[in-house]
Every structure is written in structure tokens, then in C-alpha cells.
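FYI, it's all coordinate maths here, none of it is from the lab. Worth saying up front: this structure is predicted, and the values here are computed from it rather than measured. Cβ coordinates were reconstructed from backbone atoms using ideal geometry, including for glycine residues, and neighbour counts include every protein chain displayed.
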Amino acid sequence: MKSLGKTRWARSVGRAVSVGLCGAALAATALSVPGSAQAASGEQSSPRGGGEDLGGGGDLARGGDLGGGWDLKESGTDARFRGLAAVSRNTAWVAGAKGTVLRTSDGGGHWRNVSPPGAGELEFRDIEAFDGRRAVVLAIGEGEASRVFRTSDGGATWTESFRNTDPKAFYDCMTFFDGRHGLAMSDPVDGKYRILSTADGGRSWKVLPSKGMPAAQEGESGFAASGQCLVSSGSRDVWLATGGASRARVLHSTDRGRTWQATDAPIPAGDPARGVFGLAFRDRTHGIAVGGDYRAGQPSPKAAATTRDGGRSWTTATEPPPAYRSGVAWLPGSRRGALAVGPTGTDVTSDGGRSWRTVDPGSYDTVDCTRDRACWASGEKGRIARWERD
């Protein structure tokens, strides 16, 4: 897609101007690293939205209280982290501004700077991790600014496995079905979203044919706000969130991105700053969409919606979050509990996304939960947190 100046910035959520995020900020300090090299964890990751109960997720699903709150971790940087991959209660990766990638293997007590060398001018917006050693990170931007890097040694070394050479492409998000198969998506090129595919864990990529992709609306694109504009569940289902046009939409593929069906979503649209920003599916049928208008102070009266048929239809939340939300995650093992995050707070639902209540006022961009009953969040000014029970 051609550069649209401030409009393009709006769609990629934050190039040079603050969007007025609020909430407590974590002060930037020297990066805390143990004296000896921090060993990469071999723990296995979980698909986003899957896993066991979050030590309260079950109670939440039955209408109980989530309890606890976010425990801020000292990241040692002021980079904004819109990319987050939670592997376990102890191991997590974050990726963000200034080409920054951090990894922890002790629950956030220490963060190791494992940024790819020479990546300081890049904007990382999505990261997918298979365990404490293997991860794939996506840099966004027009033309060659869109790149993919891969590590298999905990970030000690990185290999650039993809660099976009089409000036009309702008990659936003990435997802993996398993340790080998994954996709990345670009804003429309020649009127259709472009899908990039890997079958070897991110070592190599190829552009899929566009024949099965519906035409994009005028002005439509994805939002690189939380790494959740492209999400998957199971071995073949994947969903793509859109905004910036007259209608917000969710596109669904059942064959790993070769053919797609588009459905309108009842999230605020009709402006480059509005649309669906984040998706989460706990299985191939039950999903939650969040979004709204990301501009500070702008109303987002319908900031969340749900589906029970894989995205063929969407229903507006009866009690949505009070403002724009960019990230969402199902509580592990819970059929009805989920968290949504955004610049003005964190909300929780105990009825599958129909109603939400705010439980924390802090600013976060994205959230991810794990099989071993942990949820992580990250955002502006180096903010990284793990949910701690009372």
C-alpha cells in the first residue's frame, strides 16, 4: 500500500507522535542481567488462548473474581513493547521499538537483551516463541522495513529469513499453527491482503497466491498494535482483523491462508483510526474481537464483540470495555474468562466477552496467557507485567 503520511501512521498505530496513553510508567533503568549468562529455557510454549486454568480462571468462568493484579517487572528500557510471546510462568519474550527484543527465564526478575544486531532502526511489532530458545520476530514498515528474524539459541544469534522488497507491501502481524507452519500478513497490495507463509518454522517464506483473498475495501488495512491482527487456532484456522475503512471486518481461512471469507464486525469504523485491533480464539469457533478508536479521548462505544461460529457472525458486547482496547487473551482453560488491555486499562470478562469490567487502570498494548496458569502484558515505556494472584 502506498504511503499515506499521517493516515499510514494511524493504521500502524504510532510512528512519531504519542497517542496519549496513560497509566503508571515504569522508569527506565540499566538493563538487569545476572552475572553469568542467562540460560535459555527449554519450556514449551502454548498456542495463544489455550492451556490450563489460571488459578482462578475456572472460578472466573463460573462467575467468580479473578483476584490479584498486574505485577510490573523492571525491564531496564523505555522501548514500547507491542510484541509479546508468553511461553510459561517463567519464560517470556517481548519485542518492540528501536529493534529491541528481551527475554526472561525467571518470571521477569531479570530480562536479557537479545536484540538482533544492527536492528536499532526497526520497529518490531510481533513475536512468536515456541520455547525459551526458538522465536520469530516481525519488523513492520513499508518496503524493506518489513522483515522477519529467527533465533534457535535464545537470541544469542539471529538470522534474517525474510526482507520485503515490494514498496507497496507493509507487514503487520504474524501467527503460527505449530512449530513449523506460520503466516504473516501485509496490508493490501493491488487491492488484496498479502499473505506470507512458512513451513519450516520461519527459516524461509513465500507469498501465497491472492486468488482466494477477497477484495479489500477502500482505505482498509490491518493495525500493527498488539501482534493480534492475525491469529490462529488449531492446525488450519486463521483470522485477520481489519480497520480504517467504512466497515471493520474479520477475514477467516480454514486452509492456512489460501482462501478467505470476510464478515463485517460491529466495532467502530469509518475512520483510519478505527477498527478491529486484536483477536483471540480459544478454539475454532469461539472468538473475541476488540478495538475501537485508538486516538486519546475519542469514544469507542462498541469496543468488543464475540463470535460462536468461527467468525461467520459477530455480536456486540452488551457491556463493552469503556474505551479502545488493542489486545485480548482467553484465560487458560477457561471457557468464559478473558482479559482485554489498552492504553486506559485492563478489563475482564466472565461470560465469554458479553460483558466487561475494568480491573486495572494501567497502560498496556498486548496480553498473552500460557498453559501453566500465567498471563503477561506489555506496552509503552518498557512496561512488562505478569498477573499475580492475591
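Quick check on region 304-316: of everything there that is of a type in the set (G, A, S) and part of a loop (DSSP other than H, G, I, E, B), which residue is farthest from the chain's Cα centre (by Cα)? Let's see the steps before the verdict.
Restricting attention to region 304-316, the residues satisfying the condition of being of a type in the set (G, A, S) are 304-305, 310-311, 313.
When the remaining residues are screened for being part of a loop (DSSP other than H, G, I, E, B), the result is 310-311, 313.
Working: G310: 19, G311: 18, S313: 22 Å.
Per the stated criteria, the residue is S313.
Among the residues of region 72-79, is any assigned to a strand (DSSP E or B) and either on the phi < 0 side of the Ramachandran plot or in contact (Cβ under 8 Å) with a residue 60 or more places away in the chain (or both)? Walk me through it before giving the result.
Narrowing region 72-79 to residues assigned to a strand (DSSP E or B): 72-73.
Next, from what is left, pick out any that are either on the phi < 0 side of the Ramachandran plot or in contact (Cβ under 8 Å) with a residue 60 or more places away in the chain (or both): 72-73.
Yes, region 72-79 contains a residue that is assigned to a strand (DSSP E or B) and either on the phi < 0 side of the Ramachandran plot or in contact (Cβ under 8 Å) with a residue 60 or more places away in the chain (or both).
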*Quick one: would you say A241 is in contact with a Pro (Cβ under 6 Å, 6 or more places away or on another chain), among the aliphatic types (A, V, I, L, M), more than 17 Å from F149 (Cα to Cα) and surrounded by 18 or more Cβ atoms within 10 Å (Cβ to Cβ)?*
no
*Go through (1) hydroxyl-bearing (S, T, Y); (2) touching a strand residue (DSSP E or B) at 6+ places or on another chain (Cβ under 6 Å); (3) within 22 Å of M185 (Cα to Cα) one by one and return the number of the condition T104 breaks.*
(3)
_Residue among G118, G132, G154 that is within 23 Å of R203 (Cβ to Cβ), without any contact (Cβ under 8 Å) to a residue 40 or more places away in the chain and of a type outside the set (A, V, I, L, M, F, W, C)_ = G118
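Residue by residue, here is whether (1) more than 18 Å from V367 (Cα to Cα); (2) out of contact with any helix residue (DSSP H, G or I) (no Cβ under 7 Å at 6 or more places or on another chain); (3) of a type in the set (K, R); (4) crowded, with 19+ Cβ neighbours inside 10 Å holds:
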| residue | (1), (2), (3), (4) |
| --- | --- |
| V94 | no, yes, no, yes |
| G118 | yes, yes, no, no |
| F124 | no, no, no, yes |
| F130 | no, yes, no, yes |
| V136 | no, yes, no, yes |
| R147 | yes, yes, yes, yes |
| A156 | yes, yes, no, no |
| C173 | no, yes, no, yes |
_Just to check your reading of the model, which residue among D264, D309, D271 is charged (D, E, K, R), more than 16 Å from T242 (Cβ to Cβ) and surrounded by fewer than 24 Cβ atoms within 10 Å (Cβ to Cβ)?_
D309
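Could you list, in sequence order, the residues of region 299-333 that are closer than 25 Å to L251 by Cβ and among the polar types (S, T, N, Q)? Explain how you work it out, then say what you get.
Step one: filter region 299-333 for residues closer than 25 Å to L251 by Cβ, giving 300-317, 320-321, 324-330.
Passing the criteria: S300, T306, T307, S313, T315, T316, S326.
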*Return yes when D360 is in contact with a Ser or Thr (Cβ under 9 Å, 6 or more places away or on another chain), of a type in the set (D, E, K, R) and surrounded by fewer than 24 Cβ atoms within 10 Å (Cβ to Cβ) and no when it is not.*
yes
*Kindly indicate the residue of region 199-233 that is without any contact (Cβ under 8 Å) to a residue 40 or more places away in the chain and of a type outside the set (D, E, K, R) and also nearest to I127 (Cα to Cα) among those meeting that condition.*
A199
*Would you tally the residues in region 317-342 being touching a Ser or Thr at 6+ places or on another chain (Cβ under 9 Å), outside any strand (DSSP E or B) and surrounded by fewer than 23 Cβ atoms within 10 Å (Cβ to Cβ)?*
4
*For region 129-148, which residues satisfy the criterion of being among the small types (G, A, S) and in contact with a Gly (Cβ under 8 Å, 6 or more places away or on another chain)?*
G132, A135, A139
*Going through region 140-196 one residue at a time, which ones are under 17 Å from A85 (Cβ atoms), of a type in the set (S, T, N, Q) and outside any strand (DSSP E or B)?*
S152
*Out of the residues in region 204-238 that are over 14 Å from D187 (Cα atoms) and not in a loop (DSSP other than H, G, I, E, B), state the one that is farthest from the chain's Cα centre (by Cα).*
G212
*So, in region 239-262, of the ones that are within 20 Å of Y324 (Cα to Cα) and outside any strand (DSSP E or B), which residue ends up nearest to the chain's Cα centre (by Cα)?*
T242
_I need the full set of residues from region 114-131 which are closer than 17 Å to C369 by Cβ and either among the small types (G, A, S) or within 14 Å of the chain's Cα centre (by Cα) (or both), in order please._
D126, I127, E128, A129
